[in-house]
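Working notes, structure below.
Quick note: the coordinates plus some simple rules give every number you see, no bench work behind them. Small disclaimer: the values here were computed from a predicted structure and weren't measured. Please note: Cβ atoms are built from the backbone with ideal geometry, for glycine as well, and neighbour counts cover all protein chains shown.
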Amino acid sequence: MSTGPRNNDFTIRIANVNGTGSASANTLLMKSFFRMGIPVVGKNYFPSNIQGLPTWYEIRVSGDGYMARAGRVDIMLAMNAETYQKDLADVAPGGYLIYDSTWPRRTLLNREDVTIIGIPLARMCNERFSTARARVLMKNVAYVGAVAALLDIDMEVIAASLDKTFAKKADLLADNHVAIRLGYDYAQANFACPLPYTAQRIDKTSQHIMIDGNTAAALGAVYAGATVGAWYPITPSTSVMDAFASFCQRYRVDEKTGRRNYCIIQAEDELSAMGMVLGAGWNGARAFTPTSGPGISLMSELLGYGYFAEIPAVLINVQRCGPSTGMPTRTQQADILACAFASHGDTRHVLLFPSSPEECFYFGATAFDLAERLQTPVIMLTDLDIGMNDWMVPELNWDDAYRPDRGKVLDAAALDKMKSFHRYLDVDADAIPYRTFPGEHPKGAYFTRGSGHNMYGAYTEDSNEYQEVVDRLRRKWETAKSYVPGPAIWYSDKIRTAIISIGSCDGAVIEARDRLLESGIGINYMRVKAFPFDEQVEQFIEAHDRIYVVEQNRDAQLRSLLILETDTDPAKLLPLLFYDGLPINAQGVIESIRQDQAKGKAKGKAKGKDKGVAA
Amino acid sequence: MSFITKPAAVHPRSPKNELGLTIRDYEGGMSTLCAGCGHDSVTGAIVQSVFELSIPPHRMAKLSGIGCSSKTPAYFVRQSHGFNTVHGRMPSVATGANAANSDLWYIGVSGDGDTLSIGLGQFCHAIRRNLNMLYIIENNGVYGLTKGQFSASADLGSKAKKGAENQQPPIDPCRTAISMGAGFVARSFSGDKQQLVPLIKAGLSHKGFAVIDVISPCVTFNDHEGSTKSYEYTRQHFHPALHADYVRPSEEIRTQYNEGEAMPVTLHDGSKIVLRKVAGEYDPTDRASVYSHLERSQQAGEIVTGLLYYNDGLKEMHDVTNVVDQPLSTIDHSVLCPGNDALQALQNVWR
Ligand SMILES: Cc1ncc(C[n+]2csc(CCOP(=O)(O)OP(=O)(O)O)c2C)c(N)n1
Ligand code: SF4
Ligand SMILES: [Mg+2]
């Protein structure tokens, strides 16, 4: 890729120490591009720690609107002396490194292909601000000012952002304005501003917002009418419940009585959180729990219960790096199989795979409809990248005509007319039985159990009776295929090569396809949005000879699931795997596919025996 | 298994409760427990209590974990809503159910294994939340359903059927419940319906978490010589601390009590528990003295029974969460959903 002057196409990485209050300065910088109409990507790489460890924030400015991590750094803001060496090494040739020259480091920072810019941030802030806290905080704001000068960011936009953020904190607002100018003026006075990288106002962000997936998922739950949330704190899912609580506080408190139209329970662990969700779902409330990998492991027994006893439940699994505790603040898509089959026995679960915060919102609502329609737990699998990073997405819209699909529920009037009610009878031949809410009507009573039961809901150890029920559950699984969202497909019948991917890989795949097309490689694309796979998934696979399955785990879990659930020849599914814990970028996908294509040509289009390529 | 076939016809003169129902209307499926199992007697006491309280069967949710004891909700109040959860997790399911609808009668049945081993955490946390339910532990000192291993309530030195002695100290559910902050803590014996029925009625009427530890012998695995949870041993070491009479809101206190001997406590629904001293000084409202009394008597090998501790001044879960009384499932979506206008306004913060 060229390293020449680039407008609206560069990446800034800010290296910092966590716990120093840099987050708001970094957001300020990121939002400045957004407010100049330039699409932007913000990624936070933070440690599982509260204070004192290295943390990085990366801002990709992409006039073309690409949503993945760039995979290169043009401008490094090296604010953490501990990581100077690594940070310098990470700058792309022709790039810049900005550091705090209060403590000059001329000998350490020597790379000929990188320009070093020293700004005495600490010294300027120490001279200008009196309290220790302000000195630390304002250093962050000052570097935003310096970057604004160096990249020609509109200072009016920055000033307006500050006014908006600190509208209610007058003294902080004043300090921020001062600090911005400190950095800005120093850079203007000492360097040839702007650098060959500049931000230029365009109009590609109107009707868009910057939002993280956890907030969006929580909002989806609010709009779907979820009333019970049970949870146990775990990174990176915690902010789902934080957001749900604050939205509920805002929208769900009865104005007259002050009483709440929702109930949030912080459970003692994830087993309990799952039990609460089942109890509430059984009682007719829309209930959910957000969690992450270790929580899914703990919830497994009750998830199987929910499947077998047919109780609606919604889980939001914000995936992080496993196995075990793994890397809690790094991203991965490695719970696909664990969630698909969570629990012992012939258990399988409906899964949703949003690719962005936008889909977190819409799927966040869909999940409840599916759970109640299908009377089963539904797991929405997002990941840390979607959940905790701010993404630019189209503004969210809600159809006010929406009514929750409560599925097959018999109310008192319906029960009154019935001779008798049996919980697990397949009355409509779609394998979905009717349910009742406790307390509704004397005829609605039934016994819920995880032990063997027959179609009437009675305990059984009779082979045939048992099998009738589990066979129906399998048929219900087939029914589910017609309810879950189908895949997104980009298809040309002239092309026999394709990518299948999932969730947060989407941005990198879209970008990779564009780049590959530029070099003459056209590739079709299907993004699966749900499990069970509907028939389009199988058709798409059939229509291709060579398919790269792009996903973020070591063991090719999506590919395994495709092989398990379709009649495809495994040999044509090539795994493209990314599992270092960082959000996927296009470059890795492009390189792997180029290599494979080159190999394919060399072999004269030999088919079938490839093991694929692990990136 | 005991298949006690129940006569189909109801005696025309069998008494009716306020709902016009007879006790037969509160029975359940046929028990499949061993003949003589203490749990069946507890089932009988529950049937009688719920009948006498005139609870509409379908307004009751009966939950349990896993074990012989946890099977019993299938054997009482047929027309109530049963939820036989997984091993040790009934409290969380009951919590969620209660969060969604506080307007049902909640009764949980569990075993000593289900509550004190695998489910100890959930038991304690349900108490901390002061979940509004009656929680009955059918305590036999063993895991009945997995064939007689010692449970966490087995006393030091108690002997297993094959002779092995239990070497670990027991967990006393009553002292555990008291230290976790339960407001209604009782102990009884499956063989003493006289004592048990008023306790169940009071426990159901109590607002908040009520726990009754019922010694309920396992005739198959823990009813032999050397066991401290046998019928024989329990009868010999049974010490009622207080006698509790339960008086419904519509009834009057009829029994004559001597001055200073009885203490009536009024429950939130207007019913009363009249506590009567049986022997010595015992104040069921003084947490510290109750606790040490229980500790001392356990060391002496006594099984203290009755309503051991009572405190009606605690907030239950719903008072704390401040959730509306209406079942959450019945709130109209238009109330729950802020709508598109609100969404558009909200999004300003993300622009
Ligand atoms: C997760 C799990 N582990 C183990 C079991 C096996 N199990 C079934 S019942 C039981 C013990 C029940 O003991 P208790 O609660 O005292 O009931 P009892 O049978 O004595 O009435 C065990 C260990 C299970 N069902 N689930
Ligand atoms: S094994 Fe013991 S606890 Fe289980 S039913 Fe038989 S007597 Fe009761
Ligand atoms: Mg037991």
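Observations on the structure shown:
- Once the chain from A:D154 to A:A571 is taken as fully extended at 0.36 nm per residue, the excess over their C-alpha distance is 144.8 nm.
- On the basis of the beta-carbon distance and an R0 of 56 Å, A:D185 and A:T325 show a calculated FRET efficiency of 0.75.
- Using alpha-carbon coordinates, inclination of helix A:213-224 to the longest axis of chain A, degrees: 40
- Counted charge near A:V469, where neighbours are those whose Cβ lies closer than 13 Å (Asp, Glu -1; Lys, Arg +1): -2
- Relative contact order for segment B:10-155, counting Cα pairs under 8 Å that sit 6 or more residues apart, in percent: 21
- Each residue of segment A:153-168 was assigned a 3J(HN,Hα) from its phi angle through the Karplus curve 6.51 cos²θ - 1.76 cosθ + 1.60 (θ = phi - 60°); the sequence is 6, 5, 5, 5, 5, 4, 4, 5, 4, 4, 4, 5, 5, 10, 3, 9 Hz, with glycine and proline shown as x.
- Annotation: extensible slack from A:E255 through A:D399 equals 49.4 nm (criterion: 0.36 nm per residue apart, minus Cα-Cα distance).
- Approximate spin-label separation A:S297-A:D462, in nm, with each point projected 7 Å along Cα-to-Cβ: 4.2
- Cα-based values for chain A, radius of gyration first and Dmax second, are 26.7, 89 Å.
- Couplings 3J(HN,Hα) of segment B:220-227, computed from phi: 7, 10, 8, 10, 9, 4, x, 8 Hz, in residue order, whole Hz [Karplus 6.51 cos²θ - 1.76 cosθ + 1.60, θ = phi - 60°; x for Gly and Pro].
- For A:A445, no residue whose modelled amide H falls within less than 5 Å of its own remains once neighbours fewer than 5 places apart on the same chain are excluded.
- Here the simple spin-label model places points 7 Å from the Cα toward Cβ, and for A:R474 and A:D113 these points are separated by 5.9 nm.
- Karplus-derived 3J(HN,Hα) values for segment A:391-397, using 6.51 cos²θ - 1.76 cosθ + 1.60 with θ = phi - 60°, are 10, 8, 9, x, 3, 7, 10 Hz; glycine and proline are entered as x.
- Label point distance in nm, B:Q167-B:R248, each placed 7 Å from Cα along Cα→Cβ: 5.4
- For A:R69, the amide hydrogen comes within under 5 Å of no other amide hydrogen, counting only partners 5 or more places away or on other chains and with H modelled in the peptide plane.
- For segment A:468-521, the Cα-based Rg and Dmax, in that order, read 17.4, 56 Å.
- A:Q200/A:T165 FRET efficiency (R0 35 Å; Cβ-Cβ; nearest 0.05): 0.90
- By DSSP, the beta bridges lying fully in segment B:23-322 are antiparallel in about 40 percent of cases.
- Angle in degrees between helix B:38-52 and the longest Cα principal axis of chain B, rounded to the nearest 10: 50
- Near A:S62, the amide H atoms lying under 5 Å from its own belong to A:V40, A:V41; only residues 5 or more places off or on other chains count, and H is placed 1.01 Å from N.
- Tilt relative to chain A, helix A:463-481 - C-alpha long axis, 0 to 90 degrees, to 10: 40
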